[in-house]
Amino acid sequence: MPTISVTDLVKVYKGGIRAVDGVSFEVEAGELFAFLGPNGAGKSTTIKILTTLLKPTSGTAQVLGMDVRAHPAAVRRSIGYAAQDVGIDENATGRENLTLYGHFYRLDGVTIRRRVGELLELMDLTRDANRLVSTYSGGMRKRLDLAISLLHQPRVLILDEPTVGLDPQTRGHIGDYIHNLGKELGITVFFTTHYMDEADKLADRIAILDHGKIIALGTPLELKKEVSGDVVTLSLTADVASSSDGALEHSRELLQRQPFVRELQVLNSGLPITINVYVEKGETDLPRILRAMDSDGLTVQTISLSRPTLDDVFIKYTGRTMRDEEGRRTTWFQTDRNRRRLR
Amino acid sequence: MNIFSDTWYLFVRHIKVSLRTPIWLFINLVQPLLWLVLFSRVFEGVVNLPGFTSDSYLKFFAPGVVIMTVLFGSAWTGFRLIQDMDLGILDKMLASPVSRVSIVLGRVFGAVAILVVQALLIFFIAWIMGVDIATGFPGVLLTVVVVVLLGVGFAGLSNGLAILMKNPDPLIALINFITLPIFFLSSAMMPGELLPGWIQTAKTFNPVSHAVESVRSLVIVGYQWDVILPDLLILAGVAVFMMAWATSMFRFRTA
């Protein structure tokens, strides 16, 4: 029996937005499974359905064989959940927050004290346990949040953007914790992220999500293999004589005529025009591209060669890069919290 | 039963966290004292009006200040629920097995407990300023019952509206829209008999008037059970209704 099993899941919000549009996947026991996609792809909505916070419009979602709609209470008891926003009371200490959730998870007093001690140790928070969370850094808050989600020794951990809003170094640390939870404690981890490198490094399998649909699913290696060869990224400016449209058309035709070019992907059609050229062997094909462009009077401004990344997989399926496309809505209270965190 | 233990833990949490923002408690305490001192001077002459039931406006107004503190204190509690929604605190709780009803009960009772302490402090200061309470200490304890019922009623209303609105801005407008008229159309500042006819009619449907009049009767006259008992019954009815509404809203909206 898979640990998480989702079939034809659909969520339509009021106003007709199809946030999740027919998603199916299974997560096996002990697996680290990542949902990768840009903002608004439907990652958080899927997580909210799995954690019983939202009801699906149609389709089914099961955790450890229990349907989230039919047995929400049982699902809540068996999962650990850490959201994108660290939902921790700032005016309570780390230990108080943990203890409160110990009660919510129906642990007895002795067990609570033992588990709280263990988890503070595991997350390197023992020294700061009795300080108010308002004095914690972003990384410490995240660790405390993870600790809370582990109190009742769940077999499944569901994490929504576990590293968003953290500096790169802290991101790496949290990544290590997640890796250890999965690989050393044998917990099944389902997490979402919009960081390609993170999914690549941490996940056993990845589902790439866009506009509420899974567009690719497999191990990081499998996914990257779909984009074979190398990627040459070049940018160019238009000549004084021709418009940017003209220069784009010209270079596109030219590149497509080259026998060694497998695929083209225009990343930016404005200035500077940016194009990904997928080729067999970058080392020999890069100079050939340059020569061809030069002899046709197109001025290449920058050119670079890279191995395919998950970003290229995303581009291959959607024709877009997976950058932060829109900012998240911040409310009064969050702005206030962010301001304090910056101090 | 989980609902009782969860309510208890959330109640304790609410009080602890509130005590850690002392500036908020301080303002909530200083403001009624300002009313007490300033208004009793401003309206000093009102006692000479024919038909006024008390010889000192301070004595007349002290129950009004207590009830005002409870009304405004409880009516704003929903704001904190919205804050918890925005910060993800609520979602985190809802993804745990905690009793849904307790999330509302714990915060409402926690807020009301703090209001009870504030009310007692106001009584104490009014007593220092020369207000002797007709029914003495037992009467003050009975006013605590009034405070609890009124506080639970309006905290329930406020939390229910918070779930409905989900946004701070409309909630602020709505709370002002409800509490200001309900306070000024009550008999908190003027005896009911001196109010125009239609306001007197409105007053009988106003829980704040019932709270003020029962407390005032305990402070000025004595145990007028024919006044106090119906008032208590009405306030209890409002409290139960509002809490039932708020908790059902909460269960309905949070799936």
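The values are calculated or read from the model by the stated rules, or taken from the named source; none is laboratory data. A quick note: this is a predicted structure, and the numbers were derived from the prediction, not measured. Neighbour counts run over all protein chains shown; Cβ positions are idealised from the backbone, glycine included.
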Please pick out the residue among A:Gly15, A:Gly22 that is surrounded by fewer than 17 Cβ atoms within 10 Å (Cβ to Cβ), touching a residue at least 12 places away in the same chain (Cβ under 8 Å) and of a type in the set (Gly, Ala, Ser).
A:Gly22
Among the residues of region B:175-183, are any modelled with pLDDT under 90 and either of a type in the set (Lys, Arg) or at positive phi (or both)?
no
Please find, within region B:154-183, the residue that is nearest to the chain's Cα centre (by Cα) out of those that are crowded, with 21+ Cβ neighbours inside 10 Å and among the small types (Gly, Ala, Ser).
B:Ala155
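Residue by residue, here is whether (1) more than 24 Å from B:Glu193 (Cα to Cα); (2) at pLDDT 90 or above; (3) more than 14 Å from every other protein chain (Cβ to nearest Cβ); (4) surrounded by 15 or more Cβ atoms within 10 Å (Cβ to Cβ) holds:
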{"residue": "B:Thr21", "(1), (2), (3), (4)": "yes, no, no, no"}
{"residue": "B:Asn28", "(1), (2), (3), (4)": "yes, no, yes, yes"}
{"residue": "B:Gly45", "(1), (2), (3), (4)": "no, no, yes, no"}
{"residue": "B:Phe61", "(1), (2), (3), (4)": "no, no, yes, yes"}
Taking region A:50-67 and keeping only residues that are in contact with a helix residue (DSSP H, G or I) (Cβ under 7 Å, 6 or more places away or on another chain) and either on the phi > 0 side of the Ramachandran plot or among the charged types (D, E, K, R) (or both), one is left with A:Thr52, A:Leu64
For the subset of region A:75-131 comprising residues that are polar (S, T, N, Q) and away from chain B (no Cβ under 11 Å), which member is farthest from the chain's Cα centre (by Cα)?
A:Thr111
So which residues in region B:81-133 are of a type in the set (Gly, Ala, Ser) and either more than 30 Å from B:Phe61 (Cα to Cα) or within 12 Å of another protein chain (Cβ to nearest Cβ) (or both)?
B:Gly88, B:Ala95, B:Ser96, B:Ser99, B:Ser102, B:Gly106
When you scan region B:53-78, how many residues do you find that are closer than 30 Å to A:Val86 by Cβ and assigned to a helix (DSSP H, G or I)?
5
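Table: residues versus (1) modelled with pLDDT of 90 or more; (2) buried (at least 17 other Cβ atoms within 10 Å of the Cβ).
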| residue | (1), (2) |
| --- | --- |
| B:Asp132 | no, no |
| B:Leu185 | no, yes |
| B:Leu194 | no, no |
| B:Pro230 | yes, no |
Conditions: (1) more than 14 Å from chain B (Cβ to nearest Cβ); (2) surrounded by 23 or more Cβ atoms within 10 Å (Cβ to Cβ). A:Thr52 meets all but one. Number of the miss?
(1)
Any residue that is outside any helix (DSSP H, G or I), at pLDDT below 90 and over 20 Å from A:Val63 (Cα atoms) - is there at least one of those in region A:167-186?
yes
Residue that is farthest from B:Met190 (Cα to Cα), among those in region B:21-46 that are β-branched (Val, Ile, Thr) and assigned to a helix (DSSP H, G or I)
B:Ile23
Among residues belonging to region A:273-306 that are in contact with a helix residue (DSSP H, G or I) (Cβ under 9 Å, 6 or more places away or on another chain) and outside any strand (DSSP E or B), point out the one that is farthest from A:Arg257 (Cα to Cα).
A:Thr299
Residue under evaluation A:Asp128, criteria (1) under 28 Å from B:Thr7 (Cβ atoms); (2) buried (at least 16 other Cβ atoms within 10 Å of the Cβ), criterion not met:
(1)
Filter result (touching a Lys or Arg at 6+ places or on another chain (Cβ under 8 Å) and assigned to a helix (DSSP H, G or I)) within region B:194-232:
B:Ser209, B:Val219, B:Ile220
